[in-house]
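K.L.:
The following block contains the structure, expressed as structure tokens.
No value in this document is a laboratory result; all are computed from the given coordinates. The shown structure was predicted, so the numbers you read here are calculated from the model rather than taken from an experiment. No Cβ is skipped: glycine too gets one built from the backbone with ideal geometry, and neighbour counts run over all protein chains shown.
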Amino acid sequence: EKTGGILKVRKTYLDEEGNPINEVFHGEKVYVKLEIDSPVRENTIVIADLLPGGLEIEDEFLATRSKRIPSALQGFDEENKMQTIWIEKRDDRYILVGHTGVGKSVFIYQARAVSSGIYAVPPLLAEAMYNPEIEGHYTSSETFVIK
């Protein structure tokens with residue numbers, strides 16, 4: 001695990017109880033927790049989270065999906081919730097733009113395990129849209145396993 005830049009960013013995959021995981025069964029839901037620790041208040045931070053192969057973003061706005069975040073994860077989400085102003089869900093990444101205060105901001109989104117295999121955990125990137133010196137990245141040598 002390696003981080004760099006002024007913004008300290010990190011991602012963790014969680015189960016419904018809020019426990020860190022790196023292995024799930026096909027069809028299970030995964031909660032992706034993004035953390036940004038900023039020494040300054042910055043408007044318009046762009047965060048690009050690449051997904052491991054085998055995971056697909058869960059679109060909670062579909063009628064067959066749940067919008068509910070499990071209660072075990074709600075403390076993470078509400079305490080220092082990142083103020084989002086724009087979200088884009090692509091096939092291979094989750095992109096969000098928001099505001100951070102000084103200190104830790106947290107954002108959680110849902111994904112689903114759709115293809116079995118062992119996958120590399122891709123990097124997480126964050127950058128101030130209008131101030132590129134304020135940036136951060138997270139890389140990991142871990143793998144994510146879908147059975």
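K.L.:
Suppose we take every Cα in segment 87-145 and form the convex hull; what volume per residue is that in Å³?
P.N.:
In segment 87-145, the Cα hull volume divided by residue count equals 117 Å³.
K.L.:
Measure up Lys29/Lys147; Lys89/Lys147; Lys8/Lys29; Lys2/Lys104 against 22 Å on the Cα-Cα distance and list the ones that go over.
P.N.:
Long pairs (Cα-Cα over 22 Å): Lys89/Lys147; Lys8/Lys29.
K.L.:
Find, among the trypsin sites (Lys or Arg not before Pro) in segment 3-62, those assigned to loop by DSSP (not H, G, I, E, B) with at most 15 other beta-carbon atoms within 10 angstrom.
P.N.:
Those that pass, being in a loop and sparsely packed, are Arg41.
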